[in-house]
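Asks: My questions all concern the structure below.
Computed from the coordinates by the stated procedures, all read-outs in this text should not be read as laboratory data. This one's a predicted model, so the numbers in the text were calculated from it and none came from an experiment. Virtual Cβ from ideal backbone geometry, glycine too; neighbours counted across all protein chains shown.
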Amino acid sequence: MLQLQDHSLRHVATAHLAQTMSLLSLSNEELKDKVMEELANNPALELLDEIVCPNCHARLSTRRLCPRCSAATGEQDSVVLISAREASGRNGSRRAEDDGDGLEPAAPESLAIYVLQQLAPELDPAERPLAAYVLSSLDEEGFLAEPQAFIARATRSSLAQVERVVSLISHCDPAGLATAGPRQALLAQLDLFPAESAEAQLARGVLQAGFEALASRDYETLARALGVRVGQVRKAAQFIQTNLNPFPARAYWGSGRSPRSADSNVYHAPDIQISQQLAGPMLVEIFSSFPGWLRVNPDFRKALPQADGDHSEAWKSHLERASLFVKCLQQRNNTMRKLMEEIVDRQRQFILEGDRKLFPMTRAELATRIGVHESTVSRAVANKGIALPDGRIIPLARFFDRSLSVRDRIKELIGQERKPLTDDEIASVLSGDGVQIARRTVAKYRSIEGILPARLRKKREAPA
Ligand SMILES: [Zn+2]
């Protein structure tokens, strides 16, 4: 008897662990589906319409931050909490502050929809189908291969209308979409810089006069063509490299919307968001995936003794399942909170200052620090997007990408090179910095950053 009890306890503990682990690896969207599925199949589980704080269960009047839980106390430099608010998508931090209640749906959004939303005020209702046609014709990089005359015919629009709509699209965020190629994309992005900026003016000259020469870093030829000093051309090239993006759709992927996922061009609203008030503590919100409050239905529990034999077993199993589900959800929240507390503590500089400041850490180290198994950390990190204070949405896994700061350093070295550095030379500079990586690894990181090998970056010799 004793043994039997022990066995069934162990069974419950195992079920608990397995379910917590599987809940941990879900994104918010997936978790929401899972919760809805459980609700549909289990009458012992109920979702209360009330808006309560997921941390302290205080009632809130709208879906907003719980004043008690989000208040920083003492010297803390971060507050990590499960938030009753929903993610508000792109630039969530700023928008959520603006409208306060964060009622926007956390729905996936495609690049086309994102751009159409920006365009809406500018478009004549009759132009909407044309805009949608153009957006759906973009290739993976965001370029428009189809000739405008062809689009005019296909959509029964005038050429002037097509030109107007394409131009509007190319100046939306991410700028440069619907252009014919990298050069036109860069020029469209330049339109968004103040016209009086000397750097932007020279950059425009460079792009118009010698895109080929720019690509091969032939600054002398460019300087002669434009009648300026080589140093100025070099500055303009640096300006282009720093501020502009030749592949506009990639900027959109870069903010966490991976095109390589099953559903291309779709991004998910962040699962977690870090925001920072001026010089205040960082606020880390782990968004709750469903509205309201999930609990075991107390009436169902009270009714159990009245159930007759046949129903009694089924009801009992519903109750057990409901209470297990609620516990596992709480466990998921606790783990996510502990994980994020540790991450913001160690990666404060990366979060606030950028890629180079990434502190190398492994999932195993983090697991030890928060007292869980490494596989728990792996699942907690999986499939989550996190919005940073600057509005970027990155995969949570990025915090464990040891190559990030090295890649950033390689980009810098190449950006500053006088003559193209070979991968071997880059490896030896890095080794001087105390980073030992093989030439092959340099080549791999370089290609991840979309930088050509040295021989293709070669500067042409100035004619004698
Ligand atoms: Zn609270």
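Asks: What is the helix-to-structure angle for 159-170, meaning the angle in degrees between its Cα long axis and the longest Cα principal axis of the chain, kept from 0 to 90 and rounded to the nearest 10?
Replies: Computed tilt is about 60 degrees.
Asks: Restricting to Cα pairs below 8 Å that are 6+ residues apart, what does the relative contact order work out to for the range 111-252? Please round to a whole percent.
Replies: 23 percent
Asks: Right, next: Using amide H atoms built in the peptide plane, which far-off residues or other-chain residues are under 5 Å from Leu452 H to H?
Replies: HN-HN under 5 Å from Leu452: empty list.
Asks: Just to confirm the filter: which GluC sites (Glu not before Pro) across the range 376-453 are DSSP coil and have at most 12 other Cβ within 10 angstrom of their Cβ?
Replies: On the way: sites: Glu412, Glu417, Glu425, Glu449; in loops: Glu417, Glu449.
Passing sites in the range 376-453 are Glu449.
Asks: Read phi for every residue in the range 112-121 and hand back ³J(HN,Hα) as whole Hz from Karplus 6.51 cos²θ - 1.76 cosθ + 1.60, θ = phi - 60°, with x for Gly and Pro.
Replies: 4, 5, 4, 6, 4, 4, 5, 6, 2, x
Asks: A further question on this structure: Give me the percent of DSSP beta bridges within the chain that run antiparallel, rounded to the nearest 5.
Replies: Rounded to the nearest five, the antiparallel share is 65 percent.
Asks: Across the range 215-224, in residue order, what do the Karplus-derived ³J(HN,Hα) couplings come to in whole Hz, using 6.51 cos²θ - 1.76 cosθ + 1.60 with θ = phi - 60° and x for Gly and Pro?
Replies: Coupling constants for the range 215-224: 4, 9, 6, 8, 6, 4, 4, 4, 4, 5 Hz.
Asks: Below 8 Å between Cα atoms, with a sequence gap of 6+, how large is the relative contact order for the chain in percent?
Replies: 21 percent
Asks: What does the extension gain come out to for Leu123 and Gln238, with contour length at 0.36 nm per residue minus their alpha carbon separation? Please report the intermediate quantities before stating the final value.
Replies: Details: separation 115, 0.36 × 115 = 41.40 nm, distance 3.55 nm.
The Leu123-Gln238 span can extend by a further 37.8 nm.
Asks: Grab the Cα-Cα distance for Ala303 and Asp345, subtract it from 0.36 nm times how many residues apart they are, and report the gain in nm with one decimal. Please list the in-between numbers first.
Replies: Working: separation 42, 0.36 × 42 = 15.12 nm, distance 4.75 nm.
That pair, Ala303 and Asp345, stretches by 10.4 nm at full extension.
Asks: Let me ask something else. Show me, for the range 38-43, the HN-Hα J-couplings you get by feeding each phi into the Karplus relation (A = 6.51, B = -1.76, C = 1.60, θ = phi - 60°), rounded to Hz, glycine and proline as x.
Replies: So the J values, rounded to whole Hz, are 4, 4, 5, 9, 10, x.
Asks: Ignoring everything except DSSP H segments at least 4 long, calculate the 222 nm mean residue ellipticity for the chain; use -39,500 (n - 2.57) per segment, divide by total residues, nearest 500.
Replies: Value at 222 nm, helices only, nearest 500: -16000 deg cm²/dmol.
Asks: Additional query: How large are Rg and Dmax for the range 111-252 when only the alpha carbon atoms are used, in Å?
Replies: That works out to 16.5, 50 Å for Rg and Dmax.
Asks: Amide H neighbours of Leu45 under 5 Å, counting only residues 5+ apart in sequence or on other chains, H built in-plane at 1.01 Å?
Replies: Excluding prolines and chain starts, which carry no amide H, the hits are Asn297.
Asks: What is the extension gain from Phe359 to Asp408, computed as 0.36 nm multiplied by their sequence separation minus the C-alpha to C-alpha distance, in nm to one decimal?
Replies: 16.3 nm
Asks: For the range 406-456, state what percent of all Cα-Cα pairs lands in each successive 5 Å bin, counting from 0 Å until the bin that includes the largest distance.
Replies: With a bin width of 5 Å, the distribution comes to 5, 22, 40, 25, 7, 0.
Asks: Mind pulling the angle between the C-alpha long axis of helix 439-448 and the longest principal axis of the chain? Nearest 10 degrees, somewhere in 0 to 90.
Replies: Value to nearest ten degrees: 80.
Asks: Return Met340, Met36, Met282 ranked ascending by Cβ neighbour count within 10 Å, so the fewest neighbours appear first.
Replies: Met36, Met282, Met340
Asks: List residues of the range 411-433, by number, whose backbone nitrogen lies under 15 Å from a label position 7 Å along Cα→C-beta of Ile448.
Replies: In the range 411-433, the label zone of Ile448 (backbone N under 15 Å from the point 7 Å along Cα→Cβ) covers 411-412.
Asks: Quick one: grab the alpha carbon gyration tensor of the chain, order the square roots of its eigenvalues as a ≥ b ≥ c, and give me rounded if a/c is under 1.5, else prolate or oblate depending on whether a/b is larger than b/c. Display every interim value, and only then the final one.
Replies: Working: a/c = 2.53, a/b = 1.71, b/c = 1.48.
The shape class here is prolate.
Asks: Angle, helix 198-209 long axis vs. longest principal axis of the chain, Cα atoms, 0 to 90°, nearest 10?
Replies: Its long axis makes an angle of about 70 degrees.
Asks: So what's the net charge close to Val165: Lys and Arg +1, Asp and Glu -1, counting the other residues with Cβ under 11 Å from its Cβ? If you can, show how the numbers build up before the last one.
Replies: Values: positive: Arg128, Arg164; negative: Glu122, Asp124, Glu127, Glu163.
Residues near Val165 contribute -2 overall.
Asks: A further question on this structure: Leaving out same-chain residues fewer than 8 places away, which lysines sit with a Cα under 19 Å from that of Lys357?
Replies: Lys411
Asks: Would you mind checking which residues have amide H under 5 Å from Gly292's amide H? H placed 1.01 Å from N; only 5 or more apart, or other chain.
Replies: HN-HN under 5 Å from Gly292: Val52.
Asks: So, one more: Show me the ranking of peptides 123-129, 81-87, 61-67, 331-337 by mean Cβ neighbours inside 10 Å, starting with the highest. Working shown, then result.
Replies: On the way: 123-129: 12.3, 81-87: 24.1, 61-67: 15.0, 331-337: 18.6.
Descending packing order for the listed peptides: 81-87, 331-337, 61-67, 123-129.
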